[in-house]
Amino acid sequence: MYSKEVMDHFQSPRNLGAIDSPDAVGNVGNPVCGDMMKIYLKIALNEEGKEVIEKIGFETLGCVAAIATSSMVTELAEGKTLDEAMKIEFKDVEKALGSLPPIKVHCADLSVRALRKAIEDYRAKRG
């Protein structure tokens, strides 16, 4: 049912856990399936003066796909500028994981929404 990559990210999630003193937090939930995701960001300036995701963490309460997509979205976003990270789509997460069962694609969408909410939180705090 799940690809090798999905199972790898589920069994050994990357960037799991809250980070100390995050610059931003994105929190989303799906009341239908019960999945809850929280993404934490630490932002730094790169050599060109652009804001980049220096450190990212997540906490997810949910199924195999919810945990795997949360892990993968953190890998896709880490090191990217905020504008680059905002362009990540659920299809990118799904493709990076090999595939997801159709009934679990919403988890990829949820993980992307959590990332975007964290970026929006950071931008709102910065004005």
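No value in this document is a laboratory result; all are computed from the given coordinates. All of these numbers come straight from a predicted model, not from anything done at the bench. Ideal geometry is used to build each Cβ from the backbone, glycine not excepted, and the neighbour counts take in all protein chains shown.
Rank Gly26, Gly49, Gly57 by mean-square fluctuation in a GNM of the chain with C-alpha springs under 10 angstrom and give only the top-ranked residue.
Top of the fluctuation ranking is Gly49.
For the chain, what proportion of DSSP beta bridges, expressed in % and rounded to the nearest 5, is antiparallel?
Taking every DSSP beta bridge with both residues in the chain, the antiparallel ones total about 95 percent.
For Cys63 and Val32, calculate 0.36 nm times their separation in residues minus their Cα-Cα distance, and state this gained length in nm to one decimal.
Extra length from Cys63 to Val32 when fully extended: 9.9 nm.
Could you let me know the centre-to-centre spacing of the stretch 32-56 and the stretch 64-127, using Cα atoms, in angstrom?
10 Å
Taking Lys104 as the anchor, which aspartates and glutamates have their alpha carbon closer than 13 Å to its alpha carbon, excluding any fewer than eight residues away along the same chain?
Within the straight-line cut-off, Lys104 pairs with Asp35, Glu94.
Give me the one-decimal nm value for the distance between modelled label points at Gln11 and Lys91, 7 Å along each residue's Cα-to-Cβ direction.
3.1 nm
How long is the chain along each principal axis, judged by its Cα atoms, biggest number first, in Å?
Its Cα atoms span 44, 28, 23 Å along the three principal axes.
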